[in-house]
Amino acid sequence: MIPGKRSIELFQRATRCIPGGVNSPVRAFRAVGGTPFLVKSARGACVEDEDGHVLLDFVGSWGPLILGHAHPRVAEAIHQAVDRGTTYGALCRQEIELAEQVVSAYPGLEQVRFVSSGTEATMSAIRLARGATSRDLIVKFAGCYHGHADHLLVSAGSGLVTFGQPSSAGVPAQFAAQTLVLPLDDEAALRDLFEQRGEQIAAVIIEPMPANNGLLLQRPEFLQALRELTREHGSLLIFDEVISGFRIARGGAAERFGITPDLATFGKVIGGGMPVGAFGGREELMSHLAPLGPVYQAGTLSGNPVAMAAGLATLETLSEERGWERLEALGAELEALVTPVLEARGWPCRLVRCGSVFWLSPGPGEPARSAEAIDEKAAERYAPLFQGLLERGISLAPSAYEVGFLSLAHERRHLEQFAAALSEVL
Ligand code: PMP
């Protein structure tokens, strides 16, 4: 049985000293029921829990581990960095090297600043956009997640163009009111909004490959309209590439979809499994940041040498080993193995994929392109599927709305193992 006895005991202990037993809510398994397993160690494509069960992992720590767990080159880079000291609070060479990598990889990017999480990256990019445009309003899309800064924890009210309402207790309504929320995939709503309020909008932030409410792949025309409208009205376009950056191409969604934003945010892959985020853009925009300009932003551990070393080792390995090409092929293999299983079992679900990111999109018909279009039975159907797979040694994300990640540590035999387990469970 997973979880086993040790996991159950440890989780009970955790609930006494950590709220809900976890340091990030989805880890508590509330969306699928049951008790979470605790991880003792991880290597390659697998994690081992406290009871000694080895699980084939498609969560990949929610995206960072594009080379797999404990990749030898990343581990070695971290060991060497630690021996030179864990933090300096002063500029070091690794920050420059990683910045040069990010700037050379991403379309239109001239400068980048490192922070310690995706949340900090988006929060800082928004402040910069407001400071640079001297405007206050920002626009986000229902179903996109950009971390947990106050003005981004906002959901749509009723109606097409809505003033945001706090989606968490503790977010003042006045803060949320500075954020407008639109549905994804709705060009008409976008045009209406820009006609009415275009001159007040500092920035539009979007996950160009929305992957936090299922995988809601957008039509290229929609992203293109977004690019044109923001440019026409002097608003900045922010691509939140915390998941897609260095994942679906070296230059992220901007490269893959051929659209260059004004600002981009990164996290996950660029830190190689260490706490790193980043935001960047043209030099003219980035020079609004302190110490050059009036927009304040800082961090004790920003540009941490150990984290930079892990990020550098990850990006170098991806480049040298044709990482993105191989991940694309692996993704295609997964699709080719899983799609016939879903069809043969008559399961109302499709595998939607972009590179190495995949999602079991619920419901018959076209895959959803907006949060509103997702079949409402998704969560109910997913829970037993998740549990059945876990019993067979496959670890998917513990929520119907979270995507799966492949890494270079996944091999064909792992994909076959997944497809066989899926067939059995369905
Ligand atoms: N933006 C996106 C697109 C994300 O997926 C996430 C986290 N999943 C964040 C921002 C926030 O990143 P973090 O959890 O590192 O704060």
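Look through GLY21, GLY85, GLY52 and report the one residue that is surrounded by fewer than 20 Cβ atoms within 10 Å (Cβ to Cβ), at pLDDT 95 or above and assigned by TED's automatic domain parsing to the domain that holds GLY252.
GLY85
State whether the residues of region 109-124 include one that is farther than 22 Å from PRO275 by Cβ, at pLDDT 95 or above, within 16 Å of the ligand (Cβ to nearest atom) and surrounded by 16 or more Cβ atoms within 10 Å (Cβ to Cβ).
Within region 109-124, not a single residue is farther than 22 Å from PRO275 by Cβ, at pLDDT 95 or above, within 16 Å of the ligand (Cβ to nearest atom) and surrounded by 16 or more Cβ atoms within 10 Å (Cβ to Cβ).
May I ask you to list pairs of residues, at least six apart or on different chains, whose Cβ atoms are under 7 Å apart, with the first in region 339-354 being of a type in the set (Phe, Trp, Tyr) and the second being open to solvent by 40 Å² or more (accessible area, probe 1.4 Å)?
Taking only residues 6 or more apart or on different chains, the pairs are TRP347/LEU426.
For region 231-246, what are the residues that are more than 10 Å from the ligand (Cβ to nearest atom) and open to solvent by 10 Å² or more (accessible area, probe 1.4 Å)?
Once the filter is applied, which keeps residues that are more than 10 Å from the ligand (Cβ to nearest atom) and open to solvent by 10 Å² or more (accessible area, probe 1.4 Å), region 231-246 yields ARG231, GLU232, HIS233, GLY234, LEU236.
Those residues that are small (Gly, Ala, Ser) and either within 18 Å of LEU334 (Cβ to Cβ) or part of a helix (DSSP H, G or I) (or both), I need them from region 67-83; list them, please.
GLY68, ALA75, ALA77, ALA81
When only residues in region 247-270 that are open to solvent by less than 20 Å² (accessible area, probe 1.4 Å) and in contact with a Lys or Arg (Cβ under 8 Å, 6 or more places away or on another chain) count, which is nearest to ALA129 (Cα to Cα)?
Per the stated criteria, the residue is ASP262.
The values are calculated or read from the model by the stated rules, or taken from the named source; none is laboratory data. Everything numeric here is computed off the predicted structure, so don't read it as measured data. Positions of Cβ are generated from backbone atoms using ideal geometry, with glycine treated the same way; all protein chains shown enter the neighbour counts. To get the accessible areas, we keep the full protein, side chains included, count just its heavy atoms, and leave off ligands, DNA and RNA. Shrake-Rupley method; radii C 1.70, N 1.55, O 1.52, S 1.80 Å.
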